[in-house]
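The values are calculated or read from the model by the stated rules, or taken from the named source; none is laboratory data. From a predicted model like this one, the values you see are computed outputs, not experimental measurements. Note: ideal-geometry Cβ built from the backbone for every residue, glycine included; neighbour counts use all protein chains shown. Only protein heavy atoms, including side chains, enter the accessible area calculation; ligands, DNA and RNA are left aside. Shrake-Rupley method; radii C 1.70, N 1.55, O 1.52, S 1.80 Å.
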Amino acid sequence: MDKKQTYEQLLPQIAALIEGETDEVSVLANVCAALHQAFDRFFWTGFYMVRQNELRLGPFQGPVACMHIAYGRGVCGTAWKEARTIVVPDVEQFPGHISCSSQSRSEIVVPLLRANGTVAGVLDIDSTDLNAFDTTDQHYLEQLADRLVHNLFTK
């Protein structure tokens, strides 16, 4: 199964899993687990949530991670600041990249955007492969982020 097919099968399953659930930690933990298990190429899958003017580590799957990220710092902080998805084919080429693991080679960060344009947090996925993420990942992960915002941050 190619990655488009994997996303098309996985996203409805995640939607059913989280429908009606409002506990942020529980929902984000299950979403991380589902994504991480579905894609072998995901080295680290997790969330950073905006708390007290910084991104703080939330539920994740993978090795230990940075616990605090400043606004505008690294890929996650930049995605928060610019309120847009960032795909990084080679993290060594991203100015100011924060290296939580030397094994991370590429990354995608998708903001969880509220209707008013503010960022509630970010979905961060790393791979040990270069160029692991593309517009297909961006398309489906942005759909997932929209679903999460609808479930968790619009009530």
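Here is the size of the range 17-68 from its Cα atoms: Rg then Dmax, 11.7, 34 Å. Taken as Cα centroids, the range 117-155 and the range 16-91 sit 8 Å apart, rounded to the nearest whole angstrom.
Using per-residue counts of other Cβ atoms within 10 Å, averaged over each peptide, order 116-128, 5-17, 54-66 from highest down. Don't skip to the end; give the middle numbers.
Numbers: 116-128: 20.3, 5-17: 14.1, 54-66: 17.4.
Top to bottom by mean Cβ count within 10 Å: 116-128, 54-66, 5-17.
Using Cα pairs under 8 angstrom and six or more residues apart, how large is the relative contact order of the chain, in percent? RCO, the chain: 23 percent.
Relative contact order of the range 37-107: 22 percent, from C-alpha pairs under 8 Å at least 6 residues apart in sequence. Protein heavy-atom accessible surface, 1.4 Å probe, per residue over the chain: 50 Å². Could you look at the range 1-152 and say what percent of its accessible area is carbon and sulfur, using a 1.4 Å probe and all protein chains? Of the solvent-accessible surface of the range 1-152, carbon and sulfur hold 46 percent.
Of the three principal axes defined by the Cα atoms of the chain, the extents in descending order read 41, 39, 25 Å.
Find the all-direction average of the projected area of the Cα convex hull for the range 98-150, expressing the result in square nanometres with one decimal place. Write down the numbers at each step before the final one.
Working: hull surface 16.2 nm².
The orientation-averaged projected area of the Cα hull of the range 98-150 comes to 4.1 nm².
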